[in-house]
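Notes to accompany the following structure.
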Amino acid sequence: MREDLLHFIWKYKKLPLKDLVTSKNEAVVIVDAGRHNHLAGPDFFNAQVRIDEQLWAGNVEIHIKSSDWYAHHHEKDRNYDNVILHVVWEEDVEVFRSDNSEIPTLQLKNYISDRLLGAYQDLFDKKGSRFINCEKDIGQTDAFTIKNWLERLFFERLERKSNVVFTLLEDSKTDWENVFFVLLLKNFGLKINGDAFLSLAKALDFSIVRKLQHDPFQLESVLYGMSHLLDDDTISDEYHMLLKKEYRYLQHKFSLEEERVQKPEFFKLRPPNFPTIRLSQLASLYHKHQNLFSLVIEATTLEEIYTIFDVSASRYWDDHFTFGKSSRKGVKKLTKKFIDLLIVNTILPIKFCYSRHLNEAVDETISSIALALDKEENSVVSNFAAHGVTAENAMESQGILQLYNEYCTKNKCLQCTIGTGLLTQNS
């Protein structure tokens with residue numbers, strides 16, 4: 001037995017509503033189950049329960065055993081003094097509030113059908129399941145329910161990402177341009193170099209970026225120098241030597257310190273994702289747009305964002321991927337696929353958080369961009385598609401990632417619309 005099942009039973013009233021009695025044989029009528037609370041405090045707020053003809057309004061606490069009340073020290077917590085009913089699977093002790101008044105207890109084990117318990121057990125039965133608990137039954141859920149749930153999960157994922165943004169905002173003393181630079185540089189590094197680029201973003205004062213963005217060569221020299229990409233003295237390439245000379249000058253001028261910066265990796269990366277290329281593209285982006293943050297915030301369509309990020313690495317990289325080694329000639333532009341990743345991981349979260357900061361609602365703008373954006377391609381999205389849940393755009397693929405990471409892998413099936421729907425349908 002798990003508490004989440006008891007929460008489900010209470011929330012959806014999956015028990016016989018007639019002839020319910022407390023452990024003291026008092027008649028119980030559930031008028032309103034209350035609002036489910038997933039944070040600290042009682043499990044359901046503002047419930048209404050009639051006990052022996054007396055209507056009570058207050059909170060409901062749920063446990064496996066009634067003695068859990070004391071195991072969790074609720075008797076010492078005044079936040080639980082307004083509990084009007086203790087709902088448990090099994091009563092093993094009487095329970096009292098901090099003022100020593102007894103709390104009525106409803107014991108559920110004699111009221112729950114074997115069919116419901118069987119359906120719950122089937123939901124968590126992993127025999128033959130290799131991906132998620134409900135993979136054998138998820139196809140029973142109608143498309144409308146899934147689409148609405150994925151939209152809610154998309155915004156839930158944005159809320160989770162906003163924690164990082166607001167932490168950076170506090171550290172930067174509310175400098176939104178600085179926050180955007182940090183997030184953008186990190187995500188230019190993708191998974192392999194994300195941490196290395198983040199260490200660079202945190203070590204490089206954004207005021208220096210502002211001073212240098214008029215000259216992409218100077219900005220490149222600082223990005224490369226602080227990332228230890230100019231350390232190799234055996235490279236005789238002229239551009240490398242010019243960058244190194246410029247970096248030494250700027251390092252002295254701005255007292256730059258690169259000791260805390262992690263050197264980025266080249267191993268396992270396709271050449272277009274080499275840190276040399278990505279850092280040059282970033283320098284070009286900040287050179288092209290002196291007010292990049294404002295442009296991104298003001299953009300309301302996908303096409304506007306693509307236009308903003310229409311930049312290339314500097315000309316040296318037209319026939320290089322690394323210093324001193326020539327390659328086939330070709331302009332190193334930011335690709336649509338890469339920009340899409342930046343939109344999902346940087347631009348939509350920063351727009352979401354900035355609107356929250358201003359107490360403005362831009363959910364419609366964010367939704368329209370996410371709906372117009374191609375879905376992501378990864379193993380999680382592909383696995384869901386194989387089991388009948390397909391993503392048609394980035395909003396839905398982001399929702400699927402949130403579903404998998406925060407619900408499926410954590411067995412939170414009864415906090416999931418799909419899981420509760422299946423349990424209701426099969427019980």
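Here, each number is a calculation from the coordinates, and none is a lab measurement. What you are looking at is a predicted structure, and each value in this text was computed from that prediction instead of being measured. Please note: Cβ atoms are built from the backbone with ideal geometry, for glycine as well, and neighbour counts cover all protein chains shown.
Observations on the structure shown:
- Per-bin percent of Cα-Cα distances, the chain [10 Å]: 4, 18, 21, 18, 16, 12, 8, 3, 1, 0
- Counted as membrane-span-like here are DSSP H helices of the chain whose alpha-carbon atoms extend 27 Å or more along the helix's own axis and whose Kyte-Doolittle mean is -1.0 or above; these are 143-171.
- More than 18 angstrom apart: percent of Cα pairs within region 53-204: 76 percent
- Sequence of TYR224, TYR70 once ranked by neighbouring C-beta atoms within 10 Å, starting from the fewest: TYR70, TYR224
- Among SER255, SER113, SER66: highest mean-square fluctuation, GNM of the chain, C-alpha pairs under 10 Å: SER255
- Straightening the chain between ASN405 and TYR111 buys 102.5 nm, computed as 0.36 nm per residue apart minus the Cα-Cα spacing.
- Considering only the chain, percent of DSSP beta bridges that pair antiparallel, nearest 5: 65 percent
- LYS136-SER382 pseudo-label distance in nm [points 7 Å out on the Cα-to-Cβ vector]: 2.6 nm
- Its residue count N fixes a reference of 2.2 N^0.38 Å for region 231-373, and the Cα radius of gyration divided by that reference is 1.25.
- Global geometry of region 183-293, whether rounded, prolate or oblate, following the gyration tensor of its Cα atoms and the 1.5 cut on a/c: rounded
- Highest-first packing order for the peptide set 325-334, 273-282 is 273-282, 325-334, based on the mean count of other beta carbon atoms within 10 Å.
- Net length available on complete extension from LYS245 to ASP125 is 36.8 nm, with 0.36 nm assigned per residue and the Cα-Cα distance removed.
- Computed from the C-beta positions of THR300 and VAL29 and an R0 of 60 Å, the FRET efficiency is 0.70 to the nearest 0.05.
- Mean silhouette area of region 84-151, derived from the convex hull of its C-alpha atoms and averaged over all directions, reads 8.3 nm².
- Rg/Rh ratio calculated on Cα atoms of region 3-112 (Kirkwood radius): 0.91
- 10 Å Cβ shell holding at most 12 others, DSSP loop, GluC sites (Glu not before Pro): longest site-free stretch of the chain: 54-256
- Taking TYR120, TYR316, TYR247 in turn, the Gaussian network model of the chain (Cα-Cα springs below 10 Å) assigns the largest fluctuation to TYR316.
- Set of lysines with alpha-carbon distance to LYS351 below 27 Å, sequence-local pairs under 8 removed: LYS147, LYS161, LYS173, LYS186, LYS191, LYS202, LYS211, LYS288, LYS333, LYS336, LYS337, LYS375
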